[in-house]
Every structure is written in C-alpha cells, then in structure tokens.
Amino acid sequence: MYFTDRGIEELEDRRGDDEVTLAWVADRMRAFVDLNPDFEDATERLATFLARDDADDE
C-alpha cells in the first residue's frame, strides 16, 4: 500500500456518497495549490490525468 492510499481511503470514507461537479473538484484543487504551491506540478499532472480519458482515443 502506498502512503497516498490512506488519503484516498479517507476521501472515499468521508465523501464517497457525495455528488460533486468537476468544477467543484477544480476549485478545490486550485485552493489546495494556493495553500501548497510545492505541489503545483503533481496537482497539474493529476488534473491532466483526470481530464484525458484514454477511452476517447479508441
């Protein structure tokens, strides 16, 4: 198990039943980067990963 799995599990436990928009997720990601600028690259990579669905390439 990766260390990040704990955070992912907490997210699922706390918010797993919530319905959110991608606009909300993007806003939260921007707020996170504002508070944690050292993680800008990783956040950008995650956003790009989420934005590009490999199924669209088929």
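The values are calculated or read from the model by the stated rules, or taken from the named source; none is laboratory data. None of the values given here were measured: they were computed from a predicted structure. Neighbour counts run over all protein chains shown; Cβ positions are idealised from the backbone, glycine included. In case anyone asks, the SASA skips ligands and DNA or RNA and just uses the protein heavy atoms, side chains included. Shrake-Rupley method; radii C 1.70, N 1.55, O 1.52, S 1.80 Å.
Spin-label model, E12 to R30: label points 7 Å out along the Cα-to-beta-carbon direction sit 3.0 nm apart. Computed in the context of the full set of protein chains, the accessible area of the range 14-58 at 1.4 Å probe radius has 48% of its extent on carbon or sulfur. The chymotrypsin sites (Phe, Trp or Tyr not before Pro) of the range 1-45 meeting both criteria, a DSSP state outside H, G, I, E and B (loop) and at most 10 other C-beta atoms within 10 angstrom of the site's C-beta, are Y2, F3. The residues of the chain present an accessible area of 103 Å² per residue when probed at 1.4 Å with all protein chains retained. Per-residue ellipticity at 222 nm computed for the chain from its helices equals -20500 deg cm²/dmol, with DSSP H segments shorter than 4 residues left out and the rest contributing -39,500 (n - 2.57). Evaluated at q = 0.13, 0.17, 0.27 Å⁻¹, the base-10 log of the normalised Debye intensity for the chain, with identical point scatterers placed on the Cα atoms, takes the values -0.43, -0.75, -1.23.
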